[in-house]
Amino acid sequence: MLTVTEAAAQAIKSLIAEHRMPEEAGLRISRQGDSTRSEGLGLSIAAAPAADDSVVESNSVKVFLPPNMVKILEDQQIDIEHVTEDGEEQMRFIVDRKPRSSEN
């Protein structure tokens, strides 16, 4: 199942609050191209899921996935990374395979 790291969950909560979205708001992921890597995905804050979206809850945030994305993202994790662009530090979301647990 798709998961959200604690850092990404805090960033999502901040965006929801910043945009004065309702409590049931979440992050919506959609396909923007042929790739399923982060750069091929569209991420946006949505007030509610679309009628056919699946809702995944992880770290107290909701992620809305259209039907064509559920299977593709089932073993993925949403996280954030800090990048410097034009001399300014910014955060951006990344979607990637979950790290394998070292516990057996």
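Residue-by-condition table, conditions (1) free of Cβ contacts under 8 Å to residues at least 40 places away in the same chain; (2) not small (Gly, Ala, Ser):
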residue: Ala48; (1), (2): yes, no
residue: Val56; (1), (2): no, yes
residue: Asn59; (1), (2): no, yes
residue: Phe64; (1), (2): yes, yes
residue: Asp79; (1), (2): no, yes
residue: Gln90; (1), (2): yes, yes
residue: Asp96; (1), (2): no, yes
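May I ask you to list the residues in region 12-29 that are crowded, with 20+ Cβ neighbours inside 10 Å and in a helix (DSSP H, G or I)?
Residues of region 12-29 crowded, with 20+ Cβ neighbours inside 10 Å: 12, 16, 25-29.
If the condition is that a residue be crowded, with 20+ Cβ neighbours inside 10 Å and in a helix (DSSP H, G or I), then Ile12, Ile16 are the ones that fit.
A short reminder: the numbers here are calculations on the coordinates, not readings from a lab. Here the structure is a predicted model, which is why all the values come from computation and not from measurement. Neighbour counts are summed over all protein chains in view; Cβ atoms, including those assigned to glycine, are modelled from backbone coordinates with ideal geometry.
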